1. Exactly one of these conditions fails for A:F124: (1) more than 18 Å from B:K163 (Cα to Cα); (2) in contact (Cβ under 8 Å) with a residue 40 or more places away in the chain; (3) within 12 Å of chain B (Cβ to nearest Cβ). Give me its number.
2. Only one of these conditions is not met by B:W217: (1) surrounded by fewer than 23 Cβ atoms within 10 Å (Cβ to Cβ); (2) within 14 Å of another protein chain (Cβ to nearest Cβ). Which number is it?
3. Exactly one of these conditions fails for B:I141: (1) at the interface with chain A (Cβ under 8 Å from one of its Cβ atoms); (2) crowded, with 16+ Cβ neighbours inside 10 Å; (3) in a helix (DSSP H, G or I); (4) hydrophobic (A, V, I, L, M, F, W, C). Give me its number.
4. Name the single residue, out of those in region A:73-117 being more than 7 Å from chain B (Cβ to nearest Cβ) and of a type in the set (S, T, Y), that is surrounded by the most Cβ atoms within 10 Å (Cβ to Cβ).
5. Just one of (1) buried (at least 18 other Cβ atoms within 10 Å of the Cβ); (2) of a type outside the set (V, I, T); (3) part of a loop (DSSP other than H, G, I, E, B); (4) more than 16 Å from the chain's Cα centre (by Cα) trips up A:P39, so point out which.
6. Taking B:N35 and the conditions (1) out of contact with any Phe, Trp or Tyr (no Cβ under 6 Å at 6 or more places or on another chain); (2) closer than 23 Å to B:R166 by Cα; (3) surrounded by fewer than 18 Cβ atoms within 10 Å (Cβ to Cβ), which numbered condition does it fall short on, given that it satisfies the others?
7. Condition first: surrounded by fewer than 18 Cβ atoms within 10 Å (Cβ to Cβ), within 14 Å of chain B (Cβ to nearest Cβ) and either assigned to a helix (DSSP H, G or I) or at pLDDT 95 or above (or both). Can you find one or more residues in region A:14-32 that meet it?
8. I'm told A:T70 meets every condition in (1) at pLDDT below 95; (2) closer than 23 Å to A:K44 by Cα; (3) within 11 Å of chain B (Cβ to nearest Cβ); (4) in contact with a strand residue (DSSP E or B) (Cβ under 9 Å, 6 or more places away or on another chain) except one. Can you identify the failing condition by its number?
Amino acid sequence: MSDAVLRAGGVDAGYGALQILFGVDLEVRQGEHVLVFGPNGAGKSTLIKALFGLVKPSAGHVTLAGRDVTGRAPEGMVAHGMAYVPQVSNVFGSMTVLENLEIGGARLSRSRREARIEEMVALFPVLGDRRKQSAGTLSGGERQMLALARALIPEPSVLLLDEPSAGVAPKIVEEIFHLVSGLRRTGVSVLMIEQNARQALPHVDRGYVLEGGAVRMTDTAASLLDNAEISKLYLGG
Amino acid sequence: MIFVQTLVYGLALGGVIAVSAVGLTLAYGVTRFINFAFGEFLTLGAFFCLLLAQAGLGLAWAGLAAAVAVGAVGVLVERAFYDPLMSRGLLPLLVTSVGVAFVVQNLIRIFAGSNPVRFPLPLMRPIEVGGLFIPREQLIILGVALVTMLAVHLLLRFTMLGKKMRAVADDPMLARVAGISSRRVLDATWFVSAMIGALGGILLAITQITVAPQMGWHFLLVVFAAVLLGGIGSPYGAMIGGLLIGLAMELGATYVAANYSYAFAFIMLILVLILRPRGLMGGSG
């Protein structure tokens, strides 16, 4: 398993005295797309925050490409190749689409930044048409695309997605999952948490079932979809 | 005739207010707290400029050097007093900033005395345009104010630093997540805020012809009025708010009652806030 880009080992985390995660182990391999799902309150959101340094793990460690990054601040995580797209308010609404992308590339040289922005516009053509438009006026789906593109600008090795289908019109949800799935071409690894697991699972390689702050099981997406018990318990029938 | 002359004075005063208000609102936008010691950046700017001019530096150079020095003071004040309290909520910060204001005022008293000192302006012949005498000082003030506002505009729109400042002001959490080191952006913001405040203070010294340890503190109310009028946190709002407040003060003083120019600033503010509670440009706040 030396090809794990992101690995969590025995991660405990919580808020003050309230412990939410209990010894979570998981890994995301090179180029792999992974879904973490489970009931409400299972700790999905705390997990993604602990991985990205928004919540400091009280025990265990997080490694990124073999380097221990446990408890680093988010800006340090970005510098080391992790990117994160929050669930809501994930674009700078008072800035233009282009400026949002520029912020994503703030650490890059000007020429590299401009090149990356063009690559993102090629990947999400609708953003190219709206460069000068204020991000606050975008539709839910367009916002998600902009948020994805912004996070991808620095060429992260792992992309963490917090409920990408939240706040998006139902008929756009499938399109969002398609887009994420399409990121395979770029080679980026993806770890996504989703309420909407039934719809997300077919688009990923592997899934983790999180319940009560611990990993209950992990398997390939196909096996999880075939598993009658999983289907009944976590995928809404 | 008097009307046009009043307009010129009003625009010049408005320029002074606008520059100061931009400085205050920039720091507010990024930190979300109102720095009550902002007036002291104005006062310090005027006194540093006075000091350097007395030491023989030309007024323009003295002004620039003073502004940069006050920018550094701004970063020091932030690091020493505000940053350690950032996570404690707004009230401790507000009280601390009032404390900082009094400490700085009294430090200036210790070194410069309490009495107003004449600002060393060279004598300048007014410009005559069609029977109208326009003092050069007012034109210089207006020019410096416009150039400063243009510089702020260019900074915010076209530089990476300015875009980072806007990103942090828009959503500090998302800015962090996007990999922006808020530490550096904060330092830069305080530097720019204090530097612009110092420029405002120097312009104020030119309009008042004197400098005094409490000049910034007294002027702060009018600056607040401009900031609120334009919509708090909006630099462009602060520019427009400043110009409108300046015009209201001069027109009111000329045509209604000269002693109440501050009152006109607030009448203007109240009228606008009744119609637009978030200020002129405070839509997205």
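1. (3)
2. That leaves (2) as the condition not met.
3. Single failed check for B:I141: (1).
4. Among those that are more than 7 Å from chain B (Cβ to nearest Cβ) and of a type in the set (S, T, Y), it is A:T96.
5. So the condition that A:P39 fails would be (1).
6. The failed condition is (3).
7. No; the residues of region A:14-32 include none that is surrounded by fewer than 18 Cβ atoms within 10 Å (Cβ to Cβ), within 14 Å of chain B (Cβ to nearest Cβ) and either assigned to a helix (DSSP H, G or I) or at pLDDT 95 or above (or both).
8. Failing condition for A:T70: (3).
The values are calculated or read from the model by the stated rules, or taken from the named source; none is laboratory data. All figures in this text were calculated on a predicted structure; none of them were measured in a lab. Ideal geometry is used to build each Cβ from the backbone, glycine not excepted, and the neighbour counts take in all protein chains shown.
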